[in-house]
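Some notes on the structure that comes next.
The values are calculated or read from the model by the stated rules, or taken from the named source; none is laboratory data. Keep in mind the model is a prediction, meaning the values are calculated, not measured. Reconstructed Cβ throughout: ideal geometry from the backbone, glycine too, with neighbour counts over all protein chains shown. Calculation scope for accessible area: heavy atoms of the full protein, side chains included, ligands and nucleic acids excluded. Shrake-Rupley method; radii C 1.70, N 1.55, O 1.52, S 1.80 Å.
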Amino acid sequence: MNYLIETHAHIYDEQFDADRDLMIQRAFDTGIKQIWMPNCDHETIPKMLALEAQYPKQCLPMMGIHPCYIKEDFREELKIAEDWLARRDFIMIGEIGLDYYWDLTFTAEQEEAFLFQLGLAKKYQLPVCIHSRNSKDNAHNAIIRCCELIEAFGWKELRGIFHCFSGTQEEAQRVTDLNFLLGIGGVATFKNGGLDKFLPETDLRHLVLETDAPYLAPVPHRGKRNEVFYIDLVAHRIAELKNIPVSEVKSRTTENALKLINL
Ligand SMILES: [Zn+2]
C-alpha cells in the first residue's frame with residue numbers, strides 16, 4: 001500500500017477557514033488517501049459532516065464527545081452523539097477519554113461519559129479513538145485510568161487508538177496489551193517528546209499515523225499551525241528511530257488503520 005491514512009485531524013477547525021481546501025489538496029497530493037475526523041461536541045458536527053459531503057470516502061467522520069467538552073450539560077451532549085449514531089454510519093466512536101491537563105473539575109463526569117461511549121462502541125460494534133492527557137505534574141495519569149476503565153468495561157473485542165500517544169514504555173505496553181493501537185504524531189519529532197524511549201522496540205503492527213492538526217505540529221514546524229501533509233515528517237521520524245525504510249512505516253501503518261475500521 002503506497003498511501004497514507006491520517007487517523008486524527010480536526011480539519012474543520014477555524015484555523016483552516018482561510019485555506020482549508022488547499023490544505024486538504026496538499027494532503028491528497030502527498031499520498032494521503034483518507035483523513036479521519038474526530039468529533040469534539042455538538043458544534044463541530046455540522047462542519048465535520050459538511051467536509052464529509054465535500055470529500056466522500058476521503059474525509060471520514062467519527063462520532064463522540066471529547067473529554068474537554070464534558071461539562072455540566074454533558075448528558076445533553078451525549079444524547080446528541082447517541083442520536084447521530086442511531087441515524088447513520090460513522091467509522092469510530094471519538095474522540096472520547098479523560099483529560100486531566102487543564103483541571104480536574106469534571107473528572108467524575110468524564111469517566112461517566114467515557115464509559116457511556118464505550119457502551120455505544122459495543123452497541124454499534126465500532127472502534128474507539130481515545131484522548132488521554134495527564135495532569136501537568138503527571139500526578140494524575142489519564143492513560144492508565146483509561147486502560148483501567150476499558151478493563152472494567154470488560155468487552156474483550158473492543159479495539160481502538162490511543163491517539164497522540166506520548167506516554168512511557170510501560171504505558172505503551174499496557175495499551176498494546178489491550179490490543180489497542182498507538183496513534184503517533186508530531187510529538188515523535190520533539191526533542192523532549194520521549195517517544196524515542198520506546199518506538200525503536202515497538203512493533204509496527206501497534207502503530208498508526210496522525211497529526212492532530214491544527215495542534216502539535218512536528219519539527220521543524222513546532223509551535224505553528226499543524227496541517228495534514230506534515231504526517232510525512234512523522235513517518236520519516238518513525239523510520240529513523242526504527243532504522244527501517246519509510247515505505248515500510250507507511251504501508252504497515254496504513255494496513256493497521258484499514259484493518260481497524262474494516263475497510
Ligand atoms: Zn484531537
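For Ala188, the criteria (1) surrounded by fewer than 24 Cβ atoms within 10 Å (Cβ to Cβ); (2) assigned to a helix (DSSP H, G or I); (3) in contact (Cβ under 8 Å) with a residue 12 or more places away in the chain hold in every case but one, which is (1).
Considering each residue of the range 171-186, count those that are under 20 Å from Leu126 (Cα atoms) and either touching a Phe, Trp or Tyr at 6+ places or on another chain (Cβ under 7 Å) or within 16 Å of the ligand (Cβ to nearest atom) (or both), and give that number.
5
For the range 129-140, a residue qualifies if it is free of Cβ contacts under 8 Å to residues at least 12 places away in the same chain and either open to solvent by 80 Å² or more (accessible area, probe 1.4 Å) or not aliphatic (A, V, I, L, M) (or both), and the qualifying residues are Asp137, Asn138.
The residues of the range 151-161 that are open to solvent by 10 Å² or more (accessible area, probe 1.4 Å) and in contact with a strand residue (DSSP E or B) (Cβ under 9 Å, 6 or more places away or on another chain) amount to a single one, Arg159. Looking across the range 14-44, just one residue is within 15 Å of the ligand (Cβ to nearest atom), hydrophobic (A, V, I, L, M, F, W, C) and part of a helix (DSSP H, G or I), and that is Phe16. If we scan the range 162-170, do we find a residue that is within 22 Å of His42 (Cα to Cα) and either crowded, with 19+ Cβ neighbours inside 10 Å or away from the ligand (no atom under 16 Å from the Cβ) (or both)? There is at least one residue in the range 162-170 that is within 22 Å of His42 (Cα to Cα) and either crowded, with 19+ Cβ neighbours inside 10 Å or away from the ligand (no atom under 16 Å from the Cβ) (or both). Among the criteria (1) modelled with pLDDT of 95 or more; (2) open to solvent by less than 60 Å² (accessible area, probe 1.4 Å), the one Thr30 does not fulfil is (1). Based on this model, can you work out whether Val175 counts as open to solvent by less than 60 Å² (accessible area, probe 1.4 Å), closer than 24 Å to Cys59 by Cα, without any contact (Cβ under 8 Å) to a residue 60 or more places away in the chain and assigned to a helix (DSSP H, G or I)? No: the conditions fail for Val175. Just one of (1) assigned to a helix (DSSP H, G or I); (2) without any contact (Cβ under 8 Å) to a residue 60 or more places away in the chain; (3) of a type in the set (S, T, N, Q) fails for Asn226. It is (1). Checked against the criterion of being under 11 Å from Gly185 (Cβ atoms) and open to solvent by 60 Å² or more (accessible area, probe 1.4 Å), the candidates Leu216, Leu209 yield just one match: Leu216.
Evaluate the range 55-67: report whether one residue or more is over 30 Å from Arg26 (Cα atoms) and crowded, with 22+ Cβ neighbours inside 10 Å. Scanning the range 55-67, I find at least one residue that is over 30 Å from Arg26 (Cα atoms) and crowded, with 22+ Cβ neighbours inside 10 Å, so the answer is yes. Among the residues of the range 199-229, those identified as closer than 14 Å to Met23 by Cβ and within 15 Å of the ligand (Cβ to nearest atom) are Thr211, Ala213, Pro214, Ala217, Arg225, Asn226, Glu227, Val228. What about Leu104, is it open to solvent by less than 40 Å² (accessible area, probe 1.4 Å) and of a type outside the set (Asp, Glu)? No, not satisfied. Within the range 2-13, the set of residues being away from the ligand (no atom under 16 Å from the Cβ) and touching a strand residue (DSSP E or B) at 6+ places or on another chain (Cβ under 9 Å) comprises Tyr3, Leu4.
When restricted to residues that are over 15 Å from Asp83 (Cα atoms) and either open to solvent by 70 Å² or more (accessible area, probe 1.4 Å) or touching a Phe, Trp or Tyr at 6+ places or on another chain (Cβ under 8 Å) (or both), the range 119-128 contains 3.
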